[in-house]
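See below for the structure under consideration.
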Amino acid sequence: MKLLRNCSQLVTCNNEDQTPKTGDSLKRLEMIEHGALVFEGETIKWVGNESDVATQFADARFEEVINANGMLVTPGLVDPHTHPVFAATREDEFYMRNAGKSYMEIAEAGGGIRNSARRLRQANEEVLFQNGIRFLNRMLRSGTTTAEAKSGYGLSTESEVKSLEVIQRLNGAHPIDLVPTFLGAHEFPDEYRSDREGYVRLLIDEMIPLVAKRKLAKYCDIFTEAGVFDIEQSRRIMSAAKQHGFELKFHADELKSVGGAELAAELGAVSADHLVYASDEGIARMAKAKTIAVFLPSTTFFLGHRDYAPARKMIAAGVPVALATDFNPGSSCNTSLQATMTIAAIYLKMTAEELLNAVTFNSACAIGMQKQVGSLQSGKLADFVLWDAENYKQLPYFFAQNPVTSVYKRGQRVV
Ligand code: NIG
Ligand code: FE
């Protein structure tokens, strides 16, 4: 057994039930001042006040006592939307946008996701794996201990399978636990530009059944957007995915309002992500269906857009909310949820308590991992972060600096 003691605040993000936090429970941050935590192997055994350790564990001998030195401790952060499998970065597009080209103009001219697909198809698995390790290391050093990981830069059966196999290998090789998502419906590849129906059929008839049969992904995701997959194509593809046993996620209403939020709610998706232009009707339906809104404000920021997701409206409507980095080489080259929290504080007007819940318990719910991670409770994994901060309000406030001092994953010190 090991003991973690001398925390100024032990932010537990505790939740009585397994459902995502909304309303008052979202506004409240569960924590223990002068808290302590006991864990054995990879599992948390006890969480409480440090003053109770002596009586609770009178006969215990701790094999290690970790002194948090009066710092803040939180659960390991959970990033529920990332695209970490790619062959090459796309910094040129960043400068093209800053010089006035839009994300969609670059995409329509053959850049963007198709640019990444051309590169990924040529790359061998080793390159993808090494790139993945490099960026997962950055995530881990920023306090992320669990993440969702999407394919979506292959856009062919062979290259999508290759990407998902890389995710599987990364999951085994790296301390971060990864939850895999199939995103074959990320864009129409070059060879199907004039036969879009052909690609929809390939997804429905070949890729989805194969990925399901080989159990390579838990979720199926799609880029439902003007100029990419329209609502009818999205409904067909995602209904097929559901029939094959996938749980659903959507890239919805990011650049235009196309009814993505409504469709996600209609199909019972676990989450709809982006949502910058979600309609009032879509918001109401998401609240009713308990579809989690995953906001990706570092993407809006990095694209240099003015409009951010209507987070306050969605929170007021009772939609459960989470935050993610959307880490990818195009629209959000950000591996830090702490940076995402800063941007969400400024532009989504979320409070410190909401932000912390949105990168821990609620983000765990968005990837179905709330029984294992997302809060510091007895029985869950001993995933926690020690921060060079005096209180939780300093996390979104310290910007463009990384206050992580150590990260524990499954009871092991990994940073
Ligand atoms: O979530 N919007 C679609 N997918 C990614 C961007 C992928 C890319 O540009 O490579 C996103 O922003
Ligand atoms: Fe994304």
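The values are calculated or read from the model by the stated rules, or taken from the named source; none is laboratory data. Bear in mind that the values here come from a model prediction, so they are computed numbers and not experimental data. Backbone-built Cβ (ideal geometry, glycine too); neighbour counts: all protein chains shown. SASA here: full protein model, heavy atoms, side chains in, ligands and nucleic acids out. Shrake-Rupley method; radii C 1.70, N 1.55, O 1.52, S 1.80 Å.
Remarks
- Residue count for the range 312-324 satisfying the condition of being surrounded by 23 or more Cβ atoms within 10 Å (Cβ to Cβ), in contact with a Ser or Thr (Cβ under 6 Å, 6 or more places away or on another chain) and assigned to a loop (DSSP other than H, G, I, E, B): 1.
- For the range 252-273, a residue qualifies if it is under 19 Å from residue 303 (Cβ atoms) and open to solvent by 10 Å² or more (accessible area, probe 1.4 Å), and the qualifying residues are 254, 255, 256, 257, 258.
- Filtered residues of the range 379-404 (kept if open to solvent by 30 Å² or more (accessible area, probe 1.4 Å), closer than 22 Å to residue 353 by Cα and either aliphatic (A, V, I, L, M) or over 22 Å from the mean Cα position of the chain (by Cα) (or both)): 388, 390, 391, 400
- Any hit, the range 47-69, residues being of a type in the set (S, T, N, Q) and closer than 30 Å to residue 295 by Cα: no
- Given (1) exposed (fewer than 14 other Cβ atoms within 10 Å of the Cβ); (2) free of Cβ contacts under 8 Å to residues at least 60 places away in the same chain; (3) in a loop (DSSP other than H, G, I, E, B), index of the condition residue 101 fails: (1)
- Per-region count, the range 262-291, residues assigned to a strand (DSSP E or B) and either free of Cβ contacts under 8 Å to residues at least 60 places away in the same chain or more than 12 Å from the chain's Cα centre (by Cα) (or both): 2
- The condition of being within 16 Å of ligand 2 (Cβ to nearest atom) and open to solvent by 40 Å² or more (accessible area, probe 1.4 Å) holds for only one of 301, 327, that being 301.
- When residue 361 is tested against (1) open to solvent by 10 Å² or more (accessible area, probe 1.4 Å); (2) away from ligand 1 (no atom under 12 Å from the Cβ); (3) touching a residue at least 12 places away in the same chain (Cβ under 8 Å), only condition (1) is not met.
- Hits in the range 362-394 - residues which are basic (Lys, Arg) and either farther than 13 Å from residue 15 by Cβ or assigned to a helix (DSSP H, G or I) (or both): 393
- One residue from 319, 294, 373 being touching a strand residue (DSSP E or B) at 6+ places or on another chain (Cβ under 6 Å), within 16 Å of ligand 1 (Cβ to nearest atom) and among the aliphatic types (A, V, I, L, M): 294
- Screening the range 13-95 for strands (runs of 3 or more DSSP E) wholly inside it with 1 or more residues that are surrounded by 14 or more Cβ atoms within 10 Å (Cβ to Cβ), of a type in the set (A, V, I, L, M) and without any contact (Cβ under 8 Å) to a residue 60 or more places away in the chain returns the ranges 31-33, 35-40.
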